[in-house]
Amino acid sequence: MITLNPTQLTLQAHLKAEAEKLIAWTKEAPSRYAFVNEYDDEEMVELTQRGIHTIEDHEREELINVLWDVYKDAYGVRPRHLNIDAMTMTELQFDIDAAQGHMRAEQEYNDKMAQLELEVNLRTEERIEELTNGHNLTTNLGVLLPLTTT
């Protein structure tokens, strides 16, 4: 039998409460999914072995995991070059926010480029229609034939 110390019991109670919130959140909408850990005694020992002893340690671990994934999504590489162990919680959150900001900016850029592409295609089709007076002037190769008037 495993006996948890008071710090582990406090962390376990916190994690179970957070898990309950997550379960309630997933029940609000059937389309939501989240992995929920039960945090039994053996898992608590495993957390301790990984250096997670307090709620703050666990929150730091969560931020590191988020940074690890968000950074990869934003920049295409894992942040192995960062000295994550030396970073404060504020620095971790700052880098997460920066990566998310980068992704938002890139999405906005891609959306604008897609809109411009649609506009160019529409204008091109309108100009072709204008030049051909609505006649289909394509060959079996799908190439527009030039209009010649003599």
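Values quoted throughout were computed directly from the atomic coordinates according to the rules given, and no laboratory measurement underlies them. All values reported here derive from a predicted model rather than from experimental measurement. Cβ atoms come from the backbone with ideal geometry, glycine included; neighbour counts cover every protein chain shown.
Worth pointing out:
- Hits in region 57-106 - residues which are within 13 Å of the chain's Cα centre (by Cα) and under 26 Å from H14 (Cβ atoms): N65, V66, L67, W68, D69, V70, I96, D97, Q100
- Selected residue (only one of I64, I55 is surrounded by 10 or more Cβ atoms within 10 Å (Cβ to Cβ), touching a His at 6+ places or on another chain (Cβ under 6 Å) and closer than 30 Å to I2 by Cβ): I55
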